[in-house]
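Okay, structure first, notes after.
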Amino acid sequence: MNETKFRRKKDLPSTHLLGTGTPMCAGCGGLEAIHQIYDILGENTVFVNAAGCMTMLSVYPFTPFRGSWLYTAMASAPAGAQGVRDGLDVLLHKQRIESKEDLQVVVLTGDGSAYGMGLSATSSAIERGLDFLYICYDNEGYGNTGQQYSAATPHGARTATSKGPRGFPGYKKDLFAIWAAHRPAYVATVVGAEPLDLARKIEKAKSLKGPRLIIALSPCPTGWHYDPGESVEIGKMAVKTGVWPLKEYVDGKVAHTKVPQQRPPVEEYLKRQGRFSHLFHPERNEVLLQEIQARVDGYWEGVI
Amino acid sequence: MYRIRYHGRGGQGMKTASRILGTAFFLEGFEVQDAPRYGAERRGAPIFAYVRASSQPINERGIIRRPDLVIVADDTLVAIPAAGVLSGLTNWSVLLISTNETPDIWEKRLNFSGQVLKLPAPAEVGDPLELRFVGSSCTGAAARLVGVISRDSLERAVRNELVQLGEGVIEKNLGKALEAYDLIGDHAGAVREAEKIPVDGYEKPEWVELPFEEARISAPAIHGAATSVEVKTGLWRTMCPVIDYGQCNRCWWVCSTFCPDSAISVDEQGTPHIDYEHCKGCMICVAQCPAHAIQIIPEHQAEMAGGQS
Amino acid sequence: MKRALLTGNKAAAWGARLARVDYVPAFPITPQTEIIETIGNWIDNGEMDCRMVTLESEHSMLTAAGAAAATGVRVFSATSSQGLLYAMEMLYTVAGWRAPFVLVNVSRGLAAPITLEPDHNDVLAARDSGFLQIHCSTCQEVLDSALIAYCLAEDERVRLPVIVNMDGFYLSFTREPVQIPDTKIVNQFVGEFDPENIRFSASAPVSQAVAVLGGTPYSYFRYETHLAALNGLAVYDEITEEFANTFGRRHDAVEAYRTEDAELVFVMMGSFATKAIDAVDGLREAGWAVGVLRPRLLRPFPADHFRRALAGKRGVAVIDQNLSMGKGGVLHTELASALYARAECSPVLVSFIGGLGGRDISLEEFYEMAAVTRKAVEDGEAPPPRLLYTKGELREVKKLQAVAHAERQELGKEQ
């Protein structure tokens, strides 16, 4: 983090590239992250998308991109990225286009694709050493279809398919560890609520070559049931309480870019979201709350 | 057949409202078909719902082209072409609007020769999206307007459809529905069933031989940058953020960074400006401004202040 | 130009090589794998300036193929049966992108039960996708069709991907003499890939394959794809005319063999059609007025070609090497709809289904099908569709079932 352009918040971009007028929900944490990321990546990009909320970013004839975009399918955006990257490489190698026409290839998927259906294609793309960026906007469920649970849903969350009194019985898959096990060029977690941390990580990712993968926690007012204005606050709480570690994998090592001191109890984060209301009403579910706290505590004990 | 079309915003309960009406008809012994129709289903974005009721089995299906009754739960939708409020209206149709303006203002504005009926919108209007009961009010009025639904059936329908919700919520909704039912009593039966389009003298569809067009045009591709700015998502807004420039300390433009829709730009002096054509009113900027320099005012007040939209 | 003994797979590889393809996304599957091995070898030896990448599934492979074509390069790929079906979502998708490229399908029977030998159910499952389809009956045709397919796919009046189909084993692994045309002449014939403004480049931002909401715009895009596919009929005829003039081989949309004065006609696709030709020679010697029609182009469907060729014919034996469960033969169904209510062209159509999973169709069976068709003409009525199967085959299966304990009684024995 020595030579970063983003030392202070004043260094963040003041003009914004991504066009307004998209049909994303008001207060969308995913759009929050993408709009910040796009400012840094710029318009010499082609975003290759998988089915998810962001499918709706471009609906004929409207697109917010000042660069390019290709919508593929839920399971195969990394394969689409492979085709575009290889196509550009061939055109450059055979001198059919000038190098200034080159584009960065950026996969954009939700957690449904990244943690599940698209995992095979991602694994393969990393293993082939594809030179690309991967942005996962993680709203912890299948958002575009009404927030059913996905492999990214945290333990205890209520979703459209986990409405029982204890919420989702499963546990959030550790996608960061899975991706890092492939030893790609770079993996990082970000959240739009921490724009400086996000900017530095995107800047770093941009400067490297090979597979570079980012998971952006995306607070979702529609799916997590809270007022849209709270999106950034909830993102900040996720970091403060330690639920969402901000970290990166590079050169074979994992390093945390923020280690929260004096973490507020996890319930400060949970109680702001309707999807966890059953942990508090009609009465507190102490067992589940303590279980969730214990997992977070356990994680940070391993770090410090 | 009664053909009824609801217009509201995502989050205002149009689907439930249409189902209450459908159930009320059903309890009166009618054959019923009801369905919502989503565009991009988002909070604040326009949605439709349809109700058909007939003494005969219903074979018609899908969108209602020629409504007998159009219900507008949120009068700000009339200005949005995509909301299609006026689509198919004839002088046979009845237009029921939840509004604080008088019917003749709407008649003039819309150049409409059919009947416009008003349902008073709650006087203390904060965020229209908080109006969870507007759907029930509209349905209560609609039930009276068709003239074939008893007060009793209306009550049973409300209880049927809202059974999952708490008793307090059910009573609130019921109260609103019955209140509207009673209020609009002078116009009971004003909505009539239109006849089917006749075979003699129907308007011929203008079928066309679609010409082949080159792939550049006929592939689903957009050859341009940021064409999305033409979509005025500002029309989703029911509450409006307003910057008090006296309080704004031109910080490191928090609001501009945190606005997910890129709807806040910063000029050379470091002054932020909100793009009201696109601001969806999420209020993240309000929550995050370190100087608390951004206020929330209801959208219609902002419009009346003449500056914002 | 040299003439060599090549398998269908090698011929396909030569087609890709001569077309100077830029990119080959690949995934192995029997009976196609020799194609990508051959291309891989040529790349490693420096004989082909092309990039080959193995994806992890055919679904990803087709995604990469379409994406690279949409970026602006000439793409080749190959698959079969289970792989083609695994990619099915993407077949429809990339056709809708209007991404032109060539996919060789080596047809093979579909699971379940899983098998390795050929029939046409796999490639026919793709017939609604927007891919054009060319069906080959010789290894020469495979090589030639690859070249024709690039011209067809990339024509501005089409801009759709094309499947070139060959039968597994009977063509893929069978060597036949093949003329390998001269590189220079092929370069002139096929030309360079022209992206025609559908590409990715920094100076021309484009959002491709975007979502569409509403039946009206969606219908527009789908109808246009269909119109483009229909244009393929005229474009194919133009290309094959020029091909004939350049290379001396004619590959008409519907191949007609001894049909001019025929009363009865066999209609079938693929490599087994040469067996029909063989049968027709025998029947002709015995005095029958009989011929063969073999559609090479299946999509777009060459309805006019069929109507012209079958005008005045009295009986047609349609032999389908495919089976639509609960309906019957696909070619029979499609041909019937093309001929319906055409006064000048109303032969009796008789449906036969055989050759599934590579099952042979014997010469005797062809003779018998001709006889059945002749009788149908005399009766003025078609019999119900016949699933080709013999007593001997049933006995064989019963024996197998006895071993599998599925059936404890062998035919003809009491228990």
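For the reader, a short list of remarks on this structure follows.
- Among the candidates C:Leu331, C:Leu349, C:Leu293, residue that is in contact with a strand residue (DSSP E or B) (Cβ under 6 Å, 6 or more places away or on another chain), part of a helix (DSSP H, G or I) and surrounded by 16 or more Cβ atoms within 10 Å (Cβ to Cβ): C:Leu331
- Subset of segment B:145-160 [surrounded by fewer than 23 Cβ atoms within 10 Å (Cβ to Cβ), part of a helix (DSSP H, G or I) and not small (Gly, Ala, Ser)]: B:Arg151, B:Asp152, B:Glu155, B:Arg156, B:Arg159, B:Asn160
- When A:Ser58 is tested against (1) of a type in the set (Ser, Thr, Tyr); (2) without any contact (Cβ under 8 Å) to a residue 24 or more places away in the chain; (3) away from chain C (no Cβ under 13 Å), exactly one condition is not met: (3).
- Tally of residues being facing another protein chain (nearest Cβ under 7 Å), in a helix (DSSP H, G or I) and without any contact (Cβ under 8 Å) to a residue 60 or more places away in the chain across segment C:183-227: 4
- Any chance C:Ala317 is buried (at least 20 other Cβ atoms within 10 Å of the Cβ) and of a type in the set (A, V, I, L, M, F, W, C): yes
- In summary, helices (runs of 4 or more DSSP H) completely within segment A:193-290 and bearing 1 or more residues that are among the small types (Gly, Ala, Ser), under 15 Å from the mean Cα position of the chain (by Cα) and modelled with pLDDT of 95 or more occur at A:195-207, A:231-240.
- Looking at A:Thr222, A:Thr189, just one residue is out of contact with any strand residue (DSSP E or B) (no Cβ under 6 Å at 6 or more places or on another chain) and among the β-branched types (Val, Ile, Thr), and that residue is A:Thr222.
- Close contacts from segment A:1-29, counting a first residue that is in contact (Cβ under 8 Å) with a residue 40 or more places away in the chain and a second that is surrounded by fewer than 13 Cβ atoms within 10 Å (Cβ to Cβ) and outside any loop (DSSP other than H, G, I, E, B), with Cβ to Cβ under 9 Å and a gap of 6+ residues or different chains, come to A:Gly21/B:Glu230.
- Residues that are free of Cβ contacts under 8 Å to residues at least 40 places away in the same chain, not assigned by TED's automatic domain parsing to the domain that holds B:Asp75 and not hydrophobic (A, V, I, L, M, F, W, C) do occur in segment B:272-286, at least one of them.
- Within segment A:235-267, the only residue that satisfies the criterion of being surrounded by fewer than 21 Cβ atoms within 10 Å (Cβ to Cβ) and within 11 Å of another protein chain (Cβ to nearest Cβ) is A:Lys236.
- Condition check for C:Arg159 on (1) closer than 19 Å to C:Tyr23 by Cα; (2) touching a strand residue (DSSP E or B) at 6+ places or on another chain (Cβ under 8 Å); (3) part of a loop (DSSP other than H, G, I, E, B): one failure, at (2).
- Flag for A:Gly116 being assigned to a helix (DSSP H, G or I) and crowded, with 20+ Cβ neighbours inside 10 Å: no
- Any hit, segment A:74-93, residues being facing chain C (nearest Cβ under 10 Å), part of a loop (DSSP other than H, G, I, E, B) and within 16 Å of C:Pro25 (Cβ to Cβ): yes
- In segment B:208-291, counting only strands (runs of 3 or more DSSP E) that sit wholly within it, the ones holding 1 or more residues that are within 18 Å of B:Ile80 (Cβ to Cβ) span B:239-243.
- If you go through segment B:223-271 and pick out every residue that is among the hydroxyl-bearing types (Ser, Thr, Tyr), touching a residue at least 24 places away in the same chain (Cβ under 8 Å) and at the interface with chain A (Cβ under 9 Å from one of its Cβ atoms), you end up with 1.
- Qualifying positions in segment B:146-166 - acidic (Asp, Glu) and over 23 Å from the mean Cα position of the chain (by Cα): B:Asp152, B:Glu155
Each row is one residue, and each column tells you yes or no for (1) facing another protein chain (nearest Cβ under 7 Å); (2) in a helix (DSSP H, G or I); (3) surrounded by fewer than 24 Cβ atoms within 10 Å (Cβ to Cβ).
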| position | (1), (2), (3) |
| --- | --- |
| A:Thr4 | no, no, yes |
| A:Lys10 | yes, yes, yes |
| A:Thr15 | yes, no, yes |
| A:Ala26 | yes, no, no |
| A:Ile37 | no, yes, no |
| A:Ile40 | no, yes, yes |
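The values are calculated or read from the model by the stated rules, or taken from the named source; none is laboratory data. The structure presented is a predicted model; accordingly, all values stated were derived computationally and were not measured. Don't worry about glycine lacking a Cβ; one is built from the backbone with ideal geometry, like all the others, and counts go over all protein chains shown.
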